[in-house]
1. Give me the accessible area of residue 24, 1.4 Å probe, in Å² rounded to the nearest 10.
2. Is the C-alpha gyration tensor of the stretch 95-144 telling us rounded, prolate or oblate? Criteria: a/c under 1.5 is rounded; beyond that, a/b larger than b/c is prolate, otherwise oblate.
3. Given only helices, namely DSSP H runs of n ≥ 4 each adding -39500 (n - 2.57), what is the per-residue ellipticity at 222 nm of the chain, to the nearest 500 deg cm²/dmol?
4. Taking a ≥ b ≥ c as the square roots of the eigenvalues of the Cα gyration tensor of the chain, is the shape rounded (a/c under 1.5), prolate (a/b larger than b/c) or oblate?
5. How much net charge surrounds residue 127 when only other residues with a Cβ under 14 Å from its Cβ are counted (Lys, Arg +1; Asp, Glu -1)?
6. Among 78-90, 105-117, what's the highest-first ranking by average C-beta atoms within 10 angstrom per residue?
7. Suppose every Lys and Arg Cβ carries +1 and every Asp and Glu Cβ carries -1, with no other charges. What dipole size does the chain come out with about its Cα centre, to the nearest 20 debye?
8. What full-extension length gain, to one decimal in nm, is calculated for residue 13 and residue 69 as 0.36 nm per residue of separation minus the Cα-Cα distance?
Amino acid sequence: MKTIIFILILAAAGYWGYRHGYIKPEWFGAGTPAPGNAPAESLQKALNRGLPRMVSNELSVDRAVASNLLVTFNYRFVDLDQYAVAQRYGSTLPAEMQGTLIRDLCGNRDVREQVLARGREVTLEIHAQDGRTMFTTQLKPGGC
């Protein structure tokens, strides 16, 4: 009985470590990327280089997610939860904030050369401090 409990606890700890990124499948030879997915992973690594970083005094860019079809940048209000964002900005993304985000992405060489130059769109998701998506916008090729 003690052995079964020990195995269950060990399995739960392993699962928790995997879900939180402490245990990587590559360490065990599993989870190697498929040959068709390797360019998307290298693009994602290139886009996440130097992240997270502050874009303005209230916005931080936390991560980029890239697949073969879609590139998404996740921005976050550093000090505002969903209610404070809704109270301050309403339901639409202010034009000056959208301009700041577009300038930030256009200043990134990897975004210009590996995403926009190849005709792919970039989705920008702006989240509140508590993780709720508040605004979504897109940067289309030629938008820089």
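The values are calculated or read from the model by the stated rules, or taken from the named source; none is laboratory data. Remember, it's a predicted structure, so these values are computed and weren't measured experimentally. With ideal geometry, Cβ positions are generated from the backbone for all residues, glycine too; neighbour counts draw on all protein chains shown. Only protein heavy atoms, including side chains, enter the accessible area calculation; ligands, DNA and RNA are left aside. Shrake-Rupley method; radii C 1.70, N 1.55, O 1.52, S 1.80 Å.
1. Accessible surface of residue 24 is approximately 90 Å².
2. Working: a/c = 2.27, a/b = 1.88, b/c = 1.21.
Prolate.
3. Values: 4 runs with 49 residues, N = 144.
Calculated at 222 nm, the ellipticity per residue is -10500 deg cm²/dmol.
4. Values: a/c = 3.12, a/b = 1.48, b/c = 2.10.
Verdict is oblate for the chain.
5. Working: positive: 63, 76, 132; negative: 58, 62, 79, 81, 125, 130.
Neighbourhood net charge equals -3.
6. Numbers: 78-90: 13.7, 105-117: 16.5.
Ranked from most to least packed, the peptides come out as 105-117, 78-90.
7. Working: 16 positive and 13 negative charges, 69 e Å.
Dipole size: approximately 320 debye.
8. Values: separation 56, 0.36 × 56 = 20.16 nm, distance 3.42 nm.
Length difference between fully extended and current span is 16.7 nm.
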